[in-house]
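Working notes, structure below.
Where a number appears in this text, it was derived from the coordinates with a stated rule and is not lab data. It should be emphasised that the depicted structure is a prediction, and the values quoted were computed from it without experimental measurement. Every residue, glycine among them, receives a Cβ derived from its backbone with ideal geometry; neighbour counts consider all protein chains shown.
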Amino acid sequence: MRVSRVDIPWRKSSFSDHPDGACLELALLRGTTLIRESDEPDVVIEVSSGRLGALLTSVKAGAFSAAD
């Protein structure tokens, strides 16, 4: 079954209040997470929810902090 991107229910953070409307949007589709930037809606990254969760956990833990 092919799904049109128009049919995908994209969500953005309630904290996203950028003046020009640019923000990241997420959607769940058949067990994967889709990510796009609102000012380039045709560019979509597809990632498993588990891998995205692992990335976010690492970011929160400071794994990618700049070296002093």
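FRET efficiency for the pair L52 and D7, taken as 1/(1 + (r/R0)^6) with r the Cβ-Cβ distance and R0 = 35 Å, rounds to 0.95. Calculated FRET efficiency, D42 to S16, Cβ-Cβ distance, R0 = 22 Å: about 0.70 to the nearest 0.05.
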